[in-house]
Every structure is written in C-alpha cells, then in structure tokens.
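Structure below; questions to follow.
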Amino acid sequence: MITREQLYVLDYYKKNTYMGSDGPLYFRIYRIEESSSETKEGEAAQSLLEAVCWPGPFIYDKTPEEHKHFKRFEYSEEGMEEIISWLMKEKILLSESKEKFIKEKVDDR
C-alpha cells in the first residue's frame with residue numbers, strides 16, 4: 001500500500017523524480033511546467049505533478065508506451081493525495097487483469 005509518508009515532501013519534486021512500486025504496479029511521480037494558451041507573456045507556467053504507472057516487472061524505459069498510464073495533478077498536498085488514490089485504483093485494475101489494464105489506455109496529459 002502506498003502512503004503519503006513514502007512519497008517524500010512536496011519540495012522534493014521541484015528537482016527530483018520519485019520512482020516506486022507497489023506489488024505489480026510500478027510508477028513515477030515528477031513535476032512539470034505547463035504553459036496555458038491563455039498565459040500572458042511574462043507570466044509563469046503552472047506547476048503540476050504528473051504520475052505515470054505501468055505493469056512490472058520491466059523498468060520504465062523497457063516498457064512499451066501503450067502500457068503506461070499518465071495523469072496530471074495539482075502541485076499541492078491535495079494533488080499528492082489524489083495521486084495516491086489514483087495509483088491504488090490502477091493497482092486494483094492491474095491486479096484484476098493485466099490485459100484489461102493494458103487495454104484501458106490512460107493518457108491525461
């Protein structure tokens with residue numbers, strides 16, 4: 001089970017990527033900067049957290065892109081809690097059926 005304490009403090013994600021696993025589910029969490037088409041010149045891009053998960057046992061680089069699920073979250077403590085909930089749902093889906101997990105493409109980028 002993934003807990004908030006395992007995922008480090010929010011400031012960790014300013015410069016680092018968290019990599020972990022929970023049973024058959026492997027995942028990464030990192031910060032991204034998203035520019036909105038409505039962002040005015042000189043305004044800062046919005047910081048978001050992006051999580052990606054995939055079925056193990058292979059590392060990220062050796063896993064086909066179509067097997068990876070991506071989702072973006074608010075860069076906040078609430079966003080971290082949402083990531084944990086999302087990862088737990090993904091783990092349940094993967095535990096039920098690896099084939100179903102792979103077919104249910106999630107790319108919310």
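Quick check, is M1 part of a helix (DSSP H, G or I), under 22 Å from F101 (Cα atoms) and in contact (Cβ under 8 Å) with a residue 60 or more places away in the chain?
Details: part of a helix (DSSP H, G or I): no; under 22 Å from F101 (Cα atoms): yes; in contact (Cβ under 8 Å) with a residue 60 or more places away in the chain: yes.
Judged against the criteria, M1 is not a match.
Part of a strand (DSSP E or B), loosely packed, with under 14 Cβ neighbours inside 10 Å and free of Cβ contacts under 8 Å to residues at least 40 places away in the same chain: does that describe E33? Walk me through how you get there before you give the answer.
Numbers: part of a strand (DSSP E or B): yes; loosely packed, with under 14 Cβ neighbours inside 10 Å: yes; free of Cβ contacts under 8 Å to residues at least 40 places away in the same chain: yes.
So E33 passes the test.
Could you check Y13 against (1) out of contact with any Phe, Trp or Tyr (no Cβ under 8 Å at 6 or more places or on another chain); (2) surrounded by 14 or more Cβ atoms within 10 Å (Cβ to Cβ); (3) assigned to a helix (DSSP H, G or I) and say which number it fails?
The one condition Y13 does not meet is (1).
Would you pick out the residues in segment 72-109 that are in a strand (DSSP E or B) and more than 11 Å from the chain's Cα centre (by Cα)? Give the steps one after another, and end with the answer.
Taking segment 72-109 as the starting set, the residues that turn out to be in a strand (DSSP E or B) are 72-74, 107-108.
Listed by number, the list holds a single entry, E74.
Inside segment 60-78, can you point out the residues that are under 20 Å from Y13 (Cα atoms) and of a type outside the set (D, E, K, R)?
Taking segment 60-78 and keeping what is under 20 Å from Y13 (Cα atoms), we get 60, 69-78.
Listed by number, the residues that qualify are Y60, H69, F70, F73, Y75, S76.
Restricted to segment 56-80, and to residues that are at pLDDT 95 or above and in contact with a helix residue (DSSP H, G or I) (Cβ under 7 Å, 6 or more places away or on another chain), which residue is surrounded by the most Cβ atoms within 10 Å (Cβ to Cβ)?
Checking each candidate, the answer is H69.
While we're on this one: Does E50 satisfy being outside any strand (DSSP E or B) and either in contact with a Leu (Cβ under 7 Å, 6 or more places away or on another chain) or not basic (K, R) (or both)?
Values: outside any strand (DSSP E or B): no; either in contact with a Leu (Cβ under 7 Å, 6 or more places away or on another chain) or not basic (K, R) (or both): yes.
For E50, the condition - outside any strand (DSSP E or B) and either in contact with a Leu (Cβ under 7 Å, 6 or more places away or on another chain) or not basic (K, R) (or both) - is not met.
Condition test on K105, is it basic (K, R) and more than 24 Å from Y8 (Cβ to Cβ)?
Values: basic (K, R): yes; more than 24 Å from Y8 (Cβ to Cβ): yes.
In short, yes.
The values are calculated or read from the model by the stated rules, or taken from the named source; none is laboratory data. What you are looking at is a predicted structure, and each value in this text was computed from that prediction instead of being measured. All Cβ positions, glycine included, derive from the backbone under ideal geometry; neighbour counts span all protein chains shown.
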